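Here is the structure we will look at, set down as structure tokens.
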Amino acid sequence: MSTLHTVNKSPFASGSLQSALDHAKDGDAILMIEDGVYGAAAGTRVAEALGARKGAVSLYVLEGDIAARGISTRRLIEGVKPVDYAGFVGLAAEHDRTQAWL
Amino acid sequence: MEDDVKKFLYVNRKAPYGTIYALEALEVVLIGAAFDQDVSLAFLDDGVFQLVKDQNTDGIGMKNFSPTFRALGDYEVTKLFVERESLDERGLSPDDLQEIMYEDEDDDWAEKPSIRIVSRAEMADIMAEQDVVLSF
């Protein structure tokens with residue numbers, strides 16, 4: 001049993017990403033979408049908190065949203081996997097529930 | 001019918017008056033109560049501000065909907081989980097929250113508190129055991 005968590009807010013404006021990280025169980029996945037993708041870039045003040053859970057929690061980012069914001073896949077925190085919309089649907093189907101951190 | 005009952009969790013993470021999320025969540029809970037499901041509410045992050053007592057909205061021209069939480073028991077919504085760490089971080093204690101009671105039909109209609117204070121780890125467990133999570 002596992003959960004797909006989606007985060008759609010910038011971690012520099014909202015505590016949603018941190019709350020998702022604090023409540024995710026090992027084996028869960030976090031998918032960053034919309035402004036949430038700013039949390040996936042390396043070298044930021046939130047990168048460490050995200051990196052601390054990688055391995056236990058699978059980390060994904062929606063590639064259309066990073067491209068729209070000029071974030072190249074090379075700038076992503078190591079271990080964060082880009083997915084397209086079909087990948088988003090696949091993740092939703094793979095997990096038992098989806099929880100949006102608005 | 002028992003097989004059709006799913007565990008629904010309504011997650012409240014927003015303060016009550018700055019956005020419409022909190023009021024909308026309560027409306028959806030009341031509508032959803034008609035469907036006889038196993039309903040719980042979670043209050044964490046700024047969502048804990050929704051339950052603070054002595055709210056008075058006279059000065060802002062908005063409806064004070066906090067008393068409506070006390071009606072949830074009549075709709076068999078009797079599990080309001082509040083995260084202790086979220087209270088602590090905001091300088092609040094359980095005593096700062098309004099009293100919300102329900103009558104337990106399985107215990108001779110004894111009055112019991114609906115608010116249950118849980119740790120962040122317990123909240124994560126509660127979230128992980130749901131069939132459906134609705135976020136506000």
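Values in this text are rule-based calculations from the coordinates and carry no lab data. A quick note: this is a predicted structure, and the numbers were derived from the prediction, not measured. Glycine gets a Cβ as well: all are built from the backbone with ideal geometry, and neighbour counts include every protein chain shown.
Per-structure values
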read-out	value
Ellipsoid equivalent to the protein assembly as shown - semi-axes via the Cα gyration tensor, in Å	34, 20, 16
Surface/4 of the Cα convex hull for chain A, nm²	5.5
Cβ-based exposure ranking for A:91, B:30, in which fewest neighbours within 10 Å come first	B:30, A:91
In nm, spacing of pseudo-spin labels at residue A:25 and residue A:73 (7 Å Cα→C-beta vector)	3.2
Cα-projected label distance for residue A:34 with residue B:85, points at 7 Å along beta-carbon direction, nm	2.4
Built amide H within the under 5 Å cut-off of residue A:99, gap 5+	A:4, A:5, A:6
Computed FRET value (nearest 0.05) for residue B:112 with residue B:132, which takes r as the C-beta separation and R₀ as 25 Å	0.50
Relative exposure of A:89, B:52, judged by other C-beta atoms within 10 Å (fewest first)	A:89, B:52
13 Å cut-off, amide nitrogen to a point 7 angstrom out along residue B:5 Cα→Cβ, residues in the range B:94-136	B:105-106
Count of Lys pairs (Cα-Cα under 17 Å; at least 8 positions apart or interchain) in the protein assembly as shown	9
GluC sites (Glu not before Pro) within the range A:1-81: DSSP coil, no more than 14 neighbouring Cβ in 10 Å	A:78
R0 of 41 Å, Cβ-Cβ distance residue A:12-residue B:75: FRET efficiency to nearest 0.05	0.55
Stretch in chain B that is longest and holds no trypsin sites (Lys or Arg not before Pro) that DSSP places in a loop and that have at most 12 other beta carbons within 10 Å	B:64-136
Cα pair distances exceeding 16 angstrom across the range B:14-136, given as percent	63
